[in-house]
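Read the structure below first, then the notes.
Just so you know, all these numbers are worked out from the coordinates, no wet-lab data involved. This one's a predicted model, so the numbers in the text were calculated from it and none came from an experiment. Cβ coordinates were reconstructed from backbone atoms using ideal geometry, including for glycine residues, and neighbour counts include every protein chain displayed.
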């Protein structure tokens, strides 16, 4: 098989990365994908950087062993701590995370140079988004907020309604009230787009909300074209792997994928 015909490997701690996979499939409909959700060890956001790096390396190795031309790290926490190590380990294979594309999109969107980033505790603690934004535009102010309960809400399918909105208000109202509030909100976790409706009601219509999934897909497409690795023509396929609970992966993952997933189509693997 020629390199261009190999699949694109994608991994996340669970099912949230299926939002990135969905965007990738829309941007690259001819490509084959293999997706791994490390559901046995989620969430990554509460783990130490060393532990997340180790888990990311194991997940990536399992995918690369199955054949891949590109690795997309569809997890903000793993992207924030493991990209350099992954890039070194699997060179010259392109390794693309969600941090840099998301930061670039937020900088472009912010008219008043104030961006709010909501993410897991691990991503906020690591400071990857402020660092990436500072490299691109030092004049942009960044306000971060860890929103760990959003992950649990998304995993349970409680993506709208009174409970979701109450938690969104608890996390976000203080950030977006008063003069000088951020004009752009960057969703720094792949689970968070599932809660877009209550988040939008809390922050109001004037705030630009940036989801790194679409920008990551665009960055991946551009990188493959530049390396002459893009597949042209035909209709791509998807292979789904999980480290635990195929039934739950299918049930919850269907929300993020935007289409039904059958448990029988999720392969259980051991890392």
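Across bins of 10 angstrom width beginning at 0, how are the C-alpha pair distances of segment 127-247 distributed, in whole percent?
10, 32, 31, 21, 6, 0
What is the gain in length, in nm to one decimal, between residue 201 and residue 156 on full extension, counting 0.36 nm per residue of separation less the C-alpha to C-alpha distance?
This chain segment gains 14.1 nm when fully extended.
Taking 4 °C and 1.567 mPa s as the conditions, I'd like the Stokes-Einstein D for the chain in µm²/s, using the Kirkwood hydrodynamic radius from alpha carbon pairs.
Diffusion coefficient, whole number: 70 µm²/s.
Just 212, 254, 53 to compare: in a GNM of the chain, with alpha carbon springs under 10 Å, which one fluctuates most?
254
Rounding to the nearest 10 and keeping the result within 0 to 90°, find how far the Cα-based axis of helix 99-109 lies from the longest principal axis of the chain.
40
Quick check: the angle from helix 49-65's long axis to the longest principal axis of the chain, C-alpha only, nearest 10 degrees?
Helix 49-65 sits at roughly 30 degrees to that axis.
Arrange the peptides 56-69, 187-200, 110-123 so that the one whose residues have, on average, the most other Cβ atoms within 10 Å appears first.
187-200, 110-123, 56-69
Within segment 185-224, which residues have the backbone N less than 15 Å from the label spot 7 Å out from residue 113 along Cα→beta-carbon, could you tell me?
Counting only backbone N, you get no residues.
Have a look at segment 29-145 and give its Rg and Dmax from the Cα atoms, expressed in angstrom.
Rg and Dmax of segment 29-145, Cα atoms, are 15.1, 46 Å.
Say a paramagnetic label sat at a point 7 Å from the Cα of residue 228, along Cα to Cβ; which residues of segment 1-25 have their backbone N under 15 Å from it?
Once the point is set 7 Å along Cα→Cβ of residue 228, 2-5 turn out to lie under 15 Å by backbone N, inside segment 1-25.
I want to make sure I understand the PRE zone here: with the label point 7 angstrom from the Cα of residue 136 toward its beta carbon, which residues in segment 217-239 have backbone N atoms less than 19 Å away?
Residues passing the 19 Å test: 217-224.
To the nearest 0.05, how large is the calculated FRET efficiency for residue 268 and residue 177 if R₀ is 51 Å and r is the Cβ-Cβ distance?
0.65
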